[in-house]
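Here is the structure we will look at.
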Amino acid sequence: MATRRIPSRAKTTPIETLHSLLTVQEADTAFRSRPVTNFLLNYDELPAWRQDNHFILTHYRPTSNSVFTSFQSLFQLHNESVNIHSHLSAAWIFFFIALSLYAFERHAVTLADTIAFLFFFSGAVTCLGISATYHTVSNHSPKINQWGNQIDYLGIVILISGSFVPSVYYGFYCEPMLQRFYWGMISTIGIACAVVSLNPKFRSPLWRSFRAGMFLGFGLSAIFPVLHGVYMYGLEQMRYSIGLDWVLLQGFLYILGAAIYAVCFRSSNLRVCTERLIQDTRHVYLRGSSLGDMISGGAPIKYSSKTHF
């Protein structure tokens, strides 16, 4: 009975094996050091630590493990481009507005006015600058991504806290005791939110609704000094002194941003989210960090309420 011969595998020498290993290592090194301009990844190609939003399917930057490489992507088109440049541009705008106001209005205001506005502008520029930096280096490594995400949330706390200072200052202009009381209240809530924000577990998608609720509650805590001011001075006076109409619009943006963040990113069946309604372009142009964007979007409205006085 004839037997079937199975061809044997070609034997390789140790030198050939070593050469093949070196070739693989060289290829891997070349892949890791490739320019980000030529390679963008799909969602299913990402490591687990970067799979945060399954609605965004394409245009991910490769993991860089290099701050320089991450910053090179500032000049490329990917699904963080809008996040980066919208926050970065807004930070510079607020910075130059602050410089312009100081240059042209410093002789017409008191030192206390300057300090009140300094808190607001410092909070806005810090929040927007931190957010732009985080979105830039978020593809660096798990450790940098986690650290940046925590600092990004901390920036929101700084923005909200800073925006309260001039509101309370002008709302209770002749009541220094009430000013101190409400500044103390906001500082206490802000510190509590900051502590939670720096907890590594806080960045988990499972905490998304809690994050939205916490920041929403922090932002809407402004209702206490506002109602107190309306009770003491009347509605018209508060509309004049703190720009109450603008403050209410800002509160609406807080609620809208938190709702989008908590609901749209949580439910896989909700099809009203812009990230699912629009086709391929959504992955580049409509990647949303809705909570931060809506709160940051409230900054110019908050500025309008301050300059109204």
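If you go through region 182-216, how many residues are without any contact (Cβ under 8 Å) to a residue 24 or more places away in the chain, closer than 30 Å to Gly148 by Cβ, of a type outside the set (D, E, K, R) and part of a helix (DSSP H, G or I)?
10
Going by the structure shown, is Gln179 more than 19 Å from Phe119 (Cα to Cα), among the polar types (S, T, N, Q) and either outside any loop (DSSP other than H, G, I, E, B) or more than 16 Å from the chain's Cα centre (by Cα) (or both)?
Here the answer is no, as Gln179 does not meet what is asked.
Can you find even one residue in region 11-25 that is closer than 30 Å to Phe202 by Cβ, part of a helix (DSSP H, G or I), at pLDDT 50 or above and among the β-branched types (Val, Ile, Thr)?
Among the residues of region 11-25, not one is closer than 30 Å to Phe202 by Cβ, part of a helix (DSSP H, G or I), at pLDDT 50 or above and among the β-branched types (Val, Ile, Thr), which makes the answer no.
Would you confirm whether or not region 126-146 contains a residue that is out of contact with any Pro (no Cβ under 8 Å at 6 or more places or on another chain), aromatic (Phe, Trp, Tyr) and over 25 Å from Arg61 (Cβ atoms)?
No, the conditions are met nowhere in region 126-146.
Conditions (1) at pLDDT below 85; (2) closer than 25 Å to Glu175 by Cβ; (3) not charged (D, E, K, R), marked per residue:
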site: Leu227; (1), (2), (3): no, yes, yes
site: Tyr231; (1), (2), (3): no, yes, yes
site: Glu236; (1), (2), (3): no, yes, no
site: Arg239; (1), (2), (3): no, yes, no
site: Asp245; (1), (2), (3): no, yes, no
site: Leu253; (1), (2), (3): yes, no, yes
site: Ala258; (1), (2), (3): yes, no, yes
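Find all pairs meeting these conditions: Cβ atoms under 7 angstrom apart; at least six residues apart or on different chains; first residue within region 148-173 and crowded, with 22+ Cβ neighbours inside 10 Å; second residue among the basic types (Lys, Arg).
Close Cβ pairs satisfying both conditions: Ser163/Lys302; Pro166/Lys306.
Answer yes or no: is there a residue in region 194-201 that is among the small types (Gly, Ala, Ser), under 23 Å from the mean Cα position of the chain (by Cα), buried (at least 18 other Cβ atoms within 10 Å of the Cβ) and at pLDDT 85 or above.
Scanning region 194-201, I find no residue that is among the small types (Gly, Ala, Ser), under 23 Å from the mean Cα position of the chain (by Cα), buried (at least 18 other Cβ atoms within 10 Å of the Cβ) and at pLDDT 85 or above, so the answer is no.
Taking the criterion of being out of contact with any Asp or Glu (no Cβ under 7 Å at 6 or more places or on another chain), assigned to a helix (DSSP H, G or I) and in contact (Cβ under 8 Å) with a residue 60 or more places away in the chain, would at least one residue in region 255-266 satisfy it?
No - not one qualifying residue is present in region 255-266.
Can you tell me which residue in region 46-66 is farthest from the chain's Cα centre (by Cα), limited to those that are surrounded by 13 or more Cβ atoms within 10 Å (Cβ to Cβ) and not in a loop (DSSP other than H, G, I, E, B)?
Step by step, filter region 46-66, then rank; the result is Tyr60.
Please go through region 72-112 and pick out each residue that is over 20 Å from Gly155 (Cβ atoms), touching a helix residue (DSSP H, G or I) at 6+ places or on another chain (Cβ under 9 Å) and touching a residue at least 40 places away in the same chain (Cβ under 8 Å).
Within region 72-112, Ser73, Leu77, His78, Asn79, Ala112 qualify.
The values are calculated or read from the model by the stated rules, or taken from the named source; none is laboratory data. Fair warning: this is a prediction, and the values are worked out from it, not measured in the lab. For neighbour counting, all protein chains shown are included, and Cβ atoms are generated from backbone atoms with ideal geometry for every residue, glycine included.
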